[in-house]
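Below is one structure; the comments refer to it alone.
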Amino acid sequence: MTPGTFTRNISADQLVEQFIHCCSHDLRAPLTSIKGLVTVAEYYPQSTDVQNCFRMIEDCTEKMDKLIHALEEFMTMNHYAVTVENINCDAITDAVIEESRKKIASKCIVTNKKMNTSQPIMTDPLIFKHLFKNLFENAISFQDSRKRNGYVDIEIRSEKNCINLQIKDNGIGIPTIYHQKIFSPFFKASIESKGLGMGLFLLNNLLHKINGSISYQSEENVGTTVTVLIPHLTPSL
């Protein structure tokens, strides 16, 4: 890559980020106003059609707000400076699981956790939590409602050169035709997804920051196993 090309790429990135920043600021204010107006209007008797329109407006504004949040998160993580600590994987994963306790109970899911972390785990605590939270919440969200024995198995091993994080579920799985697309921005492999399709894209970008890798096996109607390898990092002096 020539220095000139590198400079133009940086300039393009800066323009994209400036555009995202402007969108975030200029769109959030009217979105907040629209949401307020919808809430007020719903207190007054209206026809069924009008009520349906209000619900559609509210759904659209929520989707736009999620998009803005995702773009802001991308900007934040893109400039995030990695810090290295000896992290407590057990405490971090327990906290994430506890946050999803109501959703786990409502879907009658059994969670199993196996830890083998006798060696010190040196990595960025924020990135580790974000990675685990994203993958764990995906496993919960894409459970198969037709199955009575839903489960999410979590295994974390501290190996010589890396942390091996594996999350396995027996959810709806991912059709083979989508396997090459799941890390693309805004891609959703299931109509059941209520997100924007940005989670795995952002996760992959975070892994690049710490030279990590991700692989998965998935079969439709059977389930998914995701494996993340996170290298042990050396603290900066």
(request) Kindly indicate whether any position in region 29-40 is modelled with pLDDT of 80 or more, more than 26 Å from LEU126 (Cα to Cα) and either in a helix (DSSP H, G or I) or not charged (D, E, K, R) (or both). (result) no
(request) Kindly list, by first and then second residue, each pair from a residue in region 136-165 that is touching a residue at least 60 places away in the same chain (Cβ under 8 Å) and open to solvent by 20 Å² or more (accessible area, probe 1.4 Å) to a residue that is β-branched (Val, Ile, Thr) and part of a loop (DSSP other than H, G, I, E, B), limited to pairs with Cβ atoms under 7 Å and residues at least 6 apart or on different chains. (result) PHE142/ILE172
(message) Can you pull out every residue in region 166-188 that is surrounded by fewer than 16 Cβ atoms within 10 Å (Cβ to Cβ) and either among the polar types (S, T, N, Q) or not in a loop (DSSP other than H, G, I, E, B) (or both)?
(response) THR176, ILE177, TYR178, GLN180, SER184
(message) When the residues of region 108-135 are narrowed to those that are touching a Cys at 6+ places or on another chain (Cβ under 8 Å) and buried (at least 19 other Cβ atoms within 10 Å of the Cβ), which ends up nearest to SER215 (Cα to Cα)?
(response) PHE128
(request) Identify all residues within region 76-87 that are touching a residue at least 24 places away in the same chain (Cβ under 8 Å), open to solvent by 40 Å² or more (accessible area, probe 1.4 Å) and either more than 17 Å from LEU202 (Cβ to Cβ) or assigned to a helix (DSSP H, G or I) (or both); write none if there are none. (result) ASN78, THR83, GLU85, ASN86
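The values are calculated or read from the model by the stated rules, or taken from the named source; none is laboratory data. This is a predicted model, so every value here is computed, not measured. Note that each Cβ is placed from the backbone with ideal geometry, even for glycine, and that neighbours are counted across all protein chains shown. Note: areas computed on protein heavy atoms with side chains; ligands, DNA, RNA excluded. Shrake-Rupley method; radii C 1.70, N 1.55, O 1.52, S 1.80 Å.
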